[in-house]
Structure formats: structure tokens, C-alpha cells
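Engineer: Next up is a structure, given as C-alpha cells.
The values are calculated or read from the model by the stated rules, or taken from the named source; none is laboratory data. Keep in mind that this is a model prediction, so the values were computed, not measured. All Cβ positions, glycine included, derive from the backbone under ideal geometry; neighbour counts span all protein chains shown. Heads up: the accessible areas ignore ligands, DNA and RNA and are worked out on the full protein's heavy atoms, side chains in. Shrake-Rupley method; radii C 1.70, N 1.55, O 1.52, S 1.80 Å.
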Amino acid sequence: MTHIPSTTITSDGPRPIPLIGMGTVTVTEGSDVVKAAVVEAIKAGYRHFDTASFYGTEIPVGEAVAEALRAGSVKSRAEVFITTKLWCNSTERHLVLPALKKSLKNLGLDYVDLYLIHWPLKINSNNIKIPVPKELVTTIDIKPVWEAMEECQNLGLTKSIGVSNFSSQKIEHILSFAKIPPAVNQIEMNPLWQQKELNEFCKQNHILLTAYSPLASAGNSWGNNSVIQCDVLQDIAKSKGKTTAQISLRWLYEQGVGFIVKSFNKERMKQNLDIFDWALTQEDLNKISQIPQRKLVYLLGFVVTEPNDVTAEIDSKL
């Protein structure tokens, strides 16, 4: 079993967070598959599990944690780090606490370790349509929403709070009034979308940047193989006897960020953890820094790779 390094987040006092988390977003696998994958991941050494109200995977994640506790794979709840997220139809002050309580009920837990605002947007509908009609999307009134997030932490329902898909400008606004600053900003990041400026901003403000789609969600219906098929990464992988995925994940680790990686395949779960006893050379890092940048646009659970009027209008609100 691999030991995953941790770092410290400082939302309101220092707390450890494993640098690698397992993602659980899926549109094809059922709950039984998700639960079985999380149980196997715990056996492999994963301790951080990332879910969200929108994903519909909170119940199987909670069931897997309960099973691992019964089986002795983990000795206590404190050994597992659970992240979940506030969906955009609940980004109003009076809806935040009920949304977290619903997530806790789904998970079968008394608290989560990290609660994130999923997007800095408000969807004015409880019925989820993909793609989201642009007329239903408005900007978030972040001050009362963040105050409700702080209340969730003060009540002990989450140990830390943070954001996801927030720009440095949005975070600066939160920092201007927050009593509890964001501990984490979870964003799309990989060698093809390196987020250098945002990473530097978060480091300066003691916010842990956590990367989702570190492999551009290869193997998922909403992702692509742009990272896996990148010539630069393939050449480095070949020279080191590693997989392209391992090169991408090692690069993230060396940037000082955490990351969420998803595979329900037992062998790939293990491969994705085999990144700690070797390093990239400065030449490798120089080559990766010169890779042309291309964002895979994640838009409220619907992915588009070409901008259009809908994405332009919603992006203006992010």
C-alpha cells in the first residue's frame, strides 16, 4: 500500500490534507461500481475522496467508507478525508446549510473535511438540464453565501471550506471580507493548462490549489486524450520508463499542488500513486513549460471545446 504525502491547509487552524484525492464523478458507472472502486482505492492507499452533490456519488462514497471501517481497512473516520461541494442551485445564503446537511445525510457522516462552492454561479432552477440554458445562469452574491459557508464550519459540519473554479479576482473579493479564508481552490489544471498565475496567487495567499482533470479526463465521455497523447509528455515518459499519466501527475506534484485523479481500474489506481520515488529533470520541466496551452472548457457539468455565445456569456460571470 502506497503512503500518500499530505500538506497543511489553514482555513481556521492547520489541518492535514492528502495531496492526491480520488475523483468519483461519473455518468456511466452505477453506485455499486463507485462503491467498489472506493473500497479498492482505500486498500491501495487513497485516503482523500472527492465527491459533490451534482455528481450523485455521495451515497456510494459514504457506503464505501463505512465498509472500509467495518473491514478494518481504516481504523477511524479521522483517517479518511472527504470533500464535497455546494451545487449552483443552492448558492444563496439560506440554502447553503440545508444543502450541506443533505450531503451529510447522503454520505452517512457527521461532518465532511472540506466543503467547496462548486462554481461562482447561481442556477435559477432545481431541474438540471445539460447544457444549462444561459437564461437560468446568474452571478453569485458571494458575501452572504460565504458567510453561510463560514457558519457551516463554525457548526462543525465541515472542518474546512473553500472554492472551485474561482479566479484570483473572485478569491480576492472573498478575502476582503472573510472571517475564515478559503483553504482550497479546486480548478482544472494539467500540463496543457498550467494555471501558473493562479497557482502563484494561491500560494501567496496560503490557499492550496487542487487540480481536477489532471489527465484531461481521458477515458471519460466529457474528456479527451490531449494529455495522454501529448508528444512532449510521451517522449519524457518513454525516457523514464513511465506512463504519460505518471509524468503529468508527477509534474503536478512538483508544482506544489494537490490533485484529484479518477480511475476505477485497480491497476491504474496503483500506477497513479507510483510518482513519489523519482523526479523530473530541469530539462523535462523546461520542455513541459513550453507546451502550447489549451483549456478544456468545463461548463457546469457540460463540456464544450469550442467557445460559443453561451460559453462567452457564462464565462463573463465567472
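Engineer: Quickly run through the range 110-152 and pick out the residues that are part of a strand (DSSP E or B) and in contact with a Gly (Cβ under 7 Å, 6 or more places away or on another chain).
Structural biologist: Correct list: Leu114, Leu116.
Engineer: Here is a further query. Could you identify the single residue in Val65, Val34, Val25, Val61 that is modelled with pLDDT of 95 or more, within 13 Å of Phe264 (Cβ to Cβ) and either in contact with a strand residue (DSSP E or B) (Cβ under 9 Å, 6 or more places away or on another chain) or open to solvent by 40 Å² or more (accessible area, probe 1.4 Å) (or both)?
Structural biologist: Sole residue among the options that is modelled with pLDDT of 95 or more, within 13 Å of Phe264 (Cβ to Cβ) and either in contact with a strand residue (DSSP E or B) (Cβ under 9 Å, 6 or more places away or on another chain) or open to solvent by 40 Å² or more (accessible area, probe 1.4 Å) (or both): Val61.
Okay, residues lined up against (1) at positive phi; (2) without any contact (Cβ under 8 Å) to a residue 40 or more places away in the chain:
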{"residue": "Arg93", "(1), (2)": "no, no"}
{"residue": "Pro98", "(1), (2)": "no, yes"}
{"residue": "Lys101", "(1), (2)": "no, no"}
{"residue": "Gly108", "(1), (2)": "yes, no"}
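Table: residues versus (1) in a loop (DSSP other than H, G, I, E, B); (2) touching a Lys or Arg at 6+ places or on another chain (Cβ under 8 Å).
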position: Ser160; (1), (2): no, yes
position: Ile171; (1), (2): no, no
position: Lys179; (1), (2): yes, no
position: Asn185; (1), (2): no, no
position: Leu198; (1), (2): no, no
position: Lys203; (1), (2): no, no
position: His206; (1), (2): yes, no
position: Ala211; (1), (2): no, no
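Engineer: Let me ask something else. Val96 - would you say it is buried (at least 17 other Cβ atoms within 10 Å of the Cβ), of a type in the set (Val, Ile, Thr) and assigned to a helix (DSSP H, G or I)?
Structural biologist: yes
Engineer: When you scan the range 255-266, do you find a residue that is out of contact with any Asp or Glu (no Cβ under 7 Å at 6 or more places or on another chain), at pLDDT 95 or above and open to solvent by 20 Å² or more (accessible area, probe 1.4 Å), even just one?
Structural biologist: Checked the range 255-266: at least one residue is out of contact with any Asp or Glu (no Cβ under 7 Å at 6 or more places or on another chain), at pLDDT 95 or above and open to solvent by 20 Å² or more (accessible area, probe 1.4 Å).
Engineer: Now, a different point. Only one residue in Ala237, Ala312 is at pLDDT 95 or above and either among the aliphatic types (A, V, I, L, M) or surrounded by fewer than 16 Cβ atoms within 10 Å (Cβ to Cβ) (or both). Which one?
Structural biologist: Working: Ala312 fails: at pLDDT 95 or above.
Criteria check complete, one pass: Ala237.
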